[in-house]
Structures are given as C-alpha cells and as structure tokens.
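The values are calculated or read from the model by the stated rules, or taken from the named source; none is laboratory data. These numbers come from a predicted model, not from an experiment. Note that each Cβ is placed from the backbone with ideal geometry, even for glycine, and that neighbours are counted across all protein chains shown. Remember, those area values only see protein heavy atoms, side chains included, never the ligands or the DNA or RNA. Shrake-Rupley method; radii C 1.70, N 1.55, O 1.52, S 1.80 Å.
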Amino acid sequence: NVKFRNIIINGDMSIAQRGTSLTGLTSSGHFVCDRWRFSYDTSPGTYSMSQSTDVPTGQGFANSLKVECTTANSSLDSDDFVAIEQRFEGQMLQYLKKGTANAESTTLSLWVKSSQTGKRSVELRDQDNNRHIAGTFTVSSANTWEKKTITFAGDTTGVFGNDNARSLDLKIFYTVGSRWTGGTLATSWQSRVDGNTADSTQAQLGSASGNNIYITGVQLEAGEVASDFEFLPHDVNKHRCLRYFQDLAPKKNDCRIAIGENVNTNRTDPVFQYVEKRANPSVTFSAANTFSLYHSNTSRDCTSLTADNFSEICGNLNANVSSGLTAGGANQFITNGTGSQLFVDAEL
C-alpha cells in the first residue's frame with residue numbers, strides 16, 4: 001500500500017490557515033482551504049468560498065470546500081470562467097515518467113455535492129510543455145453527495161522540469177465561457193488549445209444566485225484505478241501545506257513570536273525561522289499596531305513594519321516604534337490583540 005500516493009495536498013479540506021470564508025470574489029488568487037486556489041477570469045458573476053462541515057456520511061471527512069454564486073451572470077463573455085485549482089511542482093511528479101514511453105496514467109477521484117445536476121469539466125494542464133488533457137464528471141442528483149472518478153492517460157510527450165517551479169495544474173471548472181468550450185474536449189494529451197479545455201454542455205454555476213458546489217476527498221494518483229482516499233495525520237497534512245504558506249502570528253494576544261536587536265532608539269529587527277518554503281516567500285502582514293515590542297515589562301505598539309531578507313527558511317522585519325528603545329539591546333516581538341497576521345507565502 002503506497003504511502004503519499006495522493007498528489008493532491010489537503011484533499012480533505014481540513015487545513016484552512018487564512019480563515020474559513022471569503023465573500024465578494026471577483027478575481028483570482030484567493031484561498032480558504034490551503035492549496036486550493038480560486039481561479040476567475042473577466043466577469044462570470046460574484047462568488048463566496050468557505051470551508052464547510054457538510055460532508056458525505058460515513059466516509060471519514062470532517063470538511064469540504066464550498067463555492068457559491070452570490071451574484072449571477074447568465075450571459076457570459078467568451079473569456080469568462082470560474083475554477084478551483086491546485087498547482088504542483090515538477091520535482092514532486094517525476095515518478096509519473098511523463099514524456100517517456102513508460103508514462104503513467106493518473107486517476108482523479110473526489111466527492112461532490114451540488115445544487116445543480118449536470119457535467120463538470122476537469123483539466124490537467126502541463127505548464128512546462130503547454131499541453132493538456134481534460135475530462136468530465138456528472139452530478140446526477142442535486143444536493144446529494146456522490147463519488148466521481150476520471151482516469152487520464154499518461155503523456156509520452158514533454159517531461160516535467162525537475163525543480164520547484166509550477167509544472168502541472170489540476171483545474172475543476174464551475175463556470176466557463178465559449179472561449180474554453182468552442183472546440184473538441186481534449187480527452188487525450190495534446191498541445192493546449194483554449195477551446196478544447198471544457199465541455200460545452202457543462203452546468204454553469206454562475207447562471208443563478210444561490211447555485212453551489214461542495215467538494216472533498218480529492219485524490220489524484222498514478223494508475224488507472226481509484227483507491228480509497230489516503231487520510232494523513234493532521235500534523236503531516238498541515239506540514240505539507242506549510243511548505244507553501246504559513247501564518248507566523250497566532251490569533252492570540254501577547255504571544256512572543258520573535259526576538260530582535262534594537263538598531264536604534266525606535267527600531268528592532270525581529271528574526272523568524274519557519275518551515276522551509278518552496279522558494280523565497282512574499283511577506284504580508286496586518287496593521288503595524290497589531291504588533292508590539294516588549295522589554296522589561298514595557299510594551300510599545302509598532303508604528304510601521306517592513307519585510308527584510310526573507311529566504312526559504314528565515315527572515316526578519318524592521319519593526320519601528322515611536323521612541324524609547326536602547327540601541328544594541330533587545331526586544332520581544334509580540335502580537336497585540338487577536339487580529340495579528342504575518343503571512344509567509346510561497347504558493348505556485
């Protein structure tokens with residue numbers, strides 16, 4: 001029984017570091033459940049996304065990912081689409097032997113529940129070689145959990161780069177315009193053609209406000225047979241997510257999260273170490289005054305923060321206060337309230 005056979009990370013939707021819901025979505029790049037990216041083009045309506053506790057009974061899942069249309073667009077532009085996707089590093093996929101005579105087939109399985117019956121399109125997109133293959137599953141009964149599987153042939157053309165860059169995307173389409181459906185669905189691997197991406201008869205989530213779809217138990221594995229979902233221990237699952245994203249600030253007041261040397265009377269440079277990231281991360285944070293510097297029973301709210309020298313494994317901030325520090329001394333960098341956020345992001 002092969003361990004870590006699931007290429008998908010967080011397929012049970014149990015990890016949601018950024019929060020459990022987002023509303024008013026009209027652009028790409030949003031995450032609720034870790035690794036699951038909301039992908040959106042042009043103007044196919046407005047959506048919400050949330051981590052839900054609605055799950056198939058008796059299957060071992062505690063969470064699902066829900067997407068709901070909150071403002072409909074029943075007259076789509078050709079470029080419009082909404083999808084949920086996960087992106088993969090090439091070095092994680094070498095055992096699929098893509099681009100060789102021994103290329104492995106892959107099988108996708110997932111649990112789905114939707115207010116709409118009908119087809120949904122799924123695409124595997126090879127970013128290294130501009131190739132793709134696609135398939136569909138059909139929701140047979142509205143508002144009912146169903147398990148679906150799709151098997152994709154192996155691709156003997158185009159190897160994946162053996163590095164930490166984006167090589168493969170899995171996309172599950174919820175709404176699609178004619179640009180993506182105007183050709184013939186790419187049911188075998190081919191050079192990527194926009195019109196061959198999705199099925200022209202698929203259900204459109206954006207056709208009416210209140211349309212929704214839930215997914216969980218998403219597994220992509222080598223071979224032509226779907227095995228039972230591979231549940232990982234919670235700590236292992238979260239550690240895999242941390243390679244791509246980590247919030248260094250716990251949602252608690254007065255948490256000591258770093259220590260730094262005072263550069264002058266109003267600045268300390270706290271140093272952080274964290275789970276090794278895929279690449280040098282981008283860093284974002286909540287308002288400066290959601291953090292403080294603390295020393296000798298005195299707490300000073302930060303007035304400004306700047307990210308400085310963040311690598312795959314460590315980095316530091318420039319944390320400024322109005323005055324009162326001793327140059328060459330040290331301060332603890334602490335949370336000030338429960339709304340502190342310090343995001344270290346290396347998503348593909």
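Of the residues screened, GLY135 is not one that is open to solvent by 20 Å² or more (accessible area, probe 1.4 Å), small (Gly, Ala, Ser) and either assigned to a strand (DSSP E or B) or closer than 22 Å to ARG37 by Cβ (or both). Among the residues making up the range 43-78, those that are more than 24 Å from SER200 (Cβ to Cβ), part of a loop (DSSP other than H, G, I, E, B) and not aliphatic (A, V, I, L, M) are THR53, ASP54, PRO56, THR57, GLY58, GLN59, GLY60, PHE61, ASN63. With respect to being open to solvent by 30 Å² or more (accessible area, probe 1.4 Å), more than 21 Å from ARG166 (Cβ to Cβ) and touching a helix residue (DSSP H, G or I) at 6+ places or on another chain (Cβ under 7 Å), SER14 fits the description. For the range 79-109, a residue qualifies if it is open to solvent by 10 Å² or more (accessible area, probe 1.4 Å), aliphatic (A, V, I, L, M) and either under 30 Å from THR46 (Cβ atoms) or part of a loop (DSSP other than H, G, I, E, B) (or both), and the qualifying residues are ALA101, ALA103. Checked against (1) within 22 Å of ALA16 (Cβ to Cβ); (2) over 26 Å from the mean Cα position of the chain (by Cα); (3) assigned to a helix (DSSP H, G or I); (4) not hydrophobic (A, V, I, L, M, F, W, C), ASN289 passes all but condition (1).
Restricting attention to the range 230-253, which residues are within 23 Å of PHE333 (Cβ to Cβ), among the hydrophobic types (A, V, I, L, M, F, W, C) and out of contact with any Ser or Thr (no Cβ under 8 Å at 6 or more places or on another chain)? Give the steps one after another, and end with the answer.
Residues of the range 230-253 within 23 Å of PHE333 (Cβ to Cβ): 242, 245-253.
Add one more test, that the residue is among the hydrophobic types (A, V, I, L, M, F, W, C), and what stays is 242, 245, 248-249.
The answer is LEU242, PHE245, LEU248.
Cβ-Cβ contacts under 6 Å between residues 6 or more apart (or on different chains), taken from a first residue in the range 141-168 that is at pLDDT below 95 to a second residue that is surrounded by fewer than 14 Cβ atoms within 10 Å (Cβ to Cβ), are absent. Selection within the range 18-35: residues that are surrounded by fewer than 19 Cβ atoms within 10 Å (Cβ to Cβ) and in contact (Cβ under 8 Å) with a residue 40 or more places away in the chain. The member of this set that is nearest to HIS234 (Cα to Cα) is ARG18. Of all residues in the range 31-54, those that are in contact with a Ser or Thr (Cβ under 9 Å, 6 or more places away or on another chain), within 22 Å of SER209 (Cα to Cα) and not polar (S, T, N, Q) total 10.
Show me the strands (runs of 3 or more DSSP E) entirely contained within the range 303-348 in which 2 or more residues are within 11 Å of ASP269 (Cα to Cα).
Details: elements: 304-308, 314-320, 330-335, 342-345.
Counting at least 2 such residues, we get 304-308, 314-320, 330-335.
Looking at the range 139-151, can you tell me whether even one residue there is at positive phi, surrounded by 14 or more Cβ atoms within 10 Å (Cβ to Cβ) and not β-branched (Val, Ile, Thr)? For the range 139-151, residues at positive phi, surrounded by 14 or more Cβ atoms within 10 Å (Cβ to Cβ) and not β-branched (Val, Ile, Thr): absent.
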